[in-house]
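Okay, so here's the structure we're looking at.
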Amino acid sequence: MAETMDVSRRQGLFGITRYQWLVFFVVWAGWALDATDFNLFSLVLKPAVTEILGGSPSPADIGKWGGLLAMVGLLGWALGGMIFGVIADTIGRVRTLIVSIILVAVFTAAQGLSQNILQFGICRFLSGVGTGAELIIGIPLLAEAFADKAARAKVLGFMMTGGAFGSLIGGEIYNWLAPFGWRAVFYAGVMPALVLFCIRRTMGEPEYFKELQVERAQIRQAAAASDDDRAKLRVGMLQLFSSRHIYATMVGLLFCIGTLLSIWTSQIWLPTVQANMIKASGITGAEAIQALGWGTKLWGIGGILGYLCFGYLADWFGRRPTIAFYNVGAIASALYLYLVLPNWDHYPYVLPIFGFFIFGVFSGHAIWLPELFPTYVRATSLSFCNGTGRIITSFAPLVAGLLAGAFGGDFNLACGVMTCFAVLSLLAVLIGRETRDEQLPK
């Protein structure tokens, strides 16, 4: 009886161990923190740039400088993900997360102290470096912790809801602190990171990575080693261009570029679009602040449902058909939201639908991409595909801002055009392989 109780204790709730629950919570919360940071930035982008530029910039100036700040943050995200991803495949997933948490906490708050565009841009970049590491390391960590679980895809889909909860958290923080000014909104970003920092110090590496480290030690001691063994000892992104991995690398990169191009413009400029639509409906003052915060939360609620449903759909119909479904839905709902609706009246009904698709497809980053690569390059492959994708797509908010200026200040049209780049993600799933029912590669 005692032995049975001990096994039950080890298995934990729903057959998931205490360690697996801890990994899930930490990765989920880290992703929520990242998304909160980006939502806080987008929510206060217009008033922040307006104040820093002297109080009365033109829509074209707001589009240009706001787009540049967004681009700088995304470049930092790309660099952080690429650097920390390689480190995570070398020394482990958990230890590399600590520095990223510190960077996010310190430089999210520091944005509120900025006195000019240069200071704002530096803080935005360094916050992005930390943000980029969080999810890139968290995905392989969680996938490996649940490697032998049949519900792995569903768990990873649940984890990705952190991104949508970031919209809810960001919207709530905005509602609370926006009356005190845009700087106060940024200061709130430091608290969740401090909590995560304390929790993560107690978490160990997943068994998949421990086994890899043991195997690496044995290979180093062996007098001779096969090509496969030597590949496990190599570290760096050149591994991804070997004959073993180059096709999967190109598929993963194309998938990331398509999904990132489609979302970044909305992530940065949707609050500005909403503010314009709210104004077009005659809503002003405190009521306008509440409406914008509510709209952001509705977008996030739709995203939560999209993330949750993705894992179930991916297990029922396959990874590729599910990703295709989400991309088509994102394009269709974006075009209706941006190009058809004339004011705020029907935005609260369409925003959750748009959020469902535009956010939900990113569960494919957590479910499909890790299944394309073995353990010894898993974090590196995710960091390369996401990092390179972010470098390429970091120009999207700037391009959208410049397009809005060229379109006479029409951010709706610019956002609608940029969302259509989701077709690149559709191409990726057409040429990629299906991984449903396959074991996570070792």
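Just so it is clear, none of the values below were taken in a lab; they were calculated from the coordinates. Computed from a prediction, not measured in an experiment: that's the story for all the values here. So basically every Cβ, Gly included, is an ideal-geometry build from the backbone, and we count neighbours across all protein chains shown.
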Cα-based Rg of the stretch 324-400 normalised by 2.2 N^0.38 Å, two decimals: 1.40
Normalised by the number of residues in the chain, what is the relative contact order in percent for Cα pairs under 8 Å and 6+ residues apart? 27
If you place +1 on the Cβ of every Lys and Arg and -1 on the Cβ of every Asp and Glu, how big does the dipole about the Cα centre of the stretch 28-134 come out, in debye to the nearest 20? 60
Final fewest-first order of Phe359, Phe384 on the 10 Å Cβ neighbour count is Phe384, Phe359
Under the Kirkwood approximation applied to all pairs of distinct alpha-carbon atoms, what is the hydrodynamic radius of the stretch 256-381 in Å? 15.5
What's the exposure ranking of Glu207, Glu144, going from fewest to most Cβ atoms within 10 Å? Glu207, Glu144
Of the DSSP H helices in the chain, the ones reaching 20 Å or more along their long axis in Cα terms and averaging at least 1.0 in Kyte-Doolittle hydropathy are 59-91, 95-110, 117-145, 246-280
Taking 0.36 nm per residue of separation between Asp61 and Ile122 and subtracting their Cα-Cα distance, the length gained on full extension comes to 20.0 nm
Within straight cross-link reach of Lys154, meaning Cα distance under 30 Å, which lysines are found once same-chain residues fewer than 8 apart are removed? Lys210, Lys232, Lys297, Lys442
Taking the radius of gyration and the Kirkwood hydrodynamic radius from Cα positions alone, what is the Rg/Rh ratio for the stretch 15-163, to two decimal places? 1.07
In whole angstrom, and with the biggest value first, how far do the Cα coordinates of the stretch 274-347 range along each principal axis? 47, 22, 12
Taking neighbour Cβ counts within 10 Å as the exposure measure, how do Tyr312, Tyr187, Tyr208, Tyr349 sort from fewest upward? Tyr349, Tyr312, Tyr187, Tyr208
Please give the calculated 222 nm ellipticity per residue for the chain, where each DSSP H segment of at least 4 residues contributes -39500 (n - 2.57) and the sum is spread over every residue; nearest 500 deg cm²/dmol? -26000 deg cm²/dmol
Grab the beta carbon distance between Val106 and Ser242, set R0 = 51 Å, and tell me the FRET efficiency rounded to 0.05. 0.85
Lys, Arg +1 and Asp, Glu -1 on Cβ, resulting dipole of the chain about Cα centre, debye, nearest 20: 500
Expressed in angstrom and rounded, the centroid-to-centroid distance over alpha carbons for the stretch 339-381 and the stretch 41-90 is 20
Estimate the FRET efficiency between Lys279 and Tyr312 by the formula 1/(1 + (r/R0)^6), using the beta-carbon distance for r and 60 Å for R0, to the nearest 0.05. 0.95
Between Glu207 and Asn343, what length in nm is gained on full extension when 0.36 nm per residue of separation is reduced by their alpha carbon distance? 43.7 nm
Computed FRET efficiency, Cβ-Cβ of Ala150 and Leu427, R0 25 Å: what is it to the nearest 0.05? 0.25
Longest to shortest principal axis, alpha-carbon extents of the chain, angstrom: 72, 46, 43
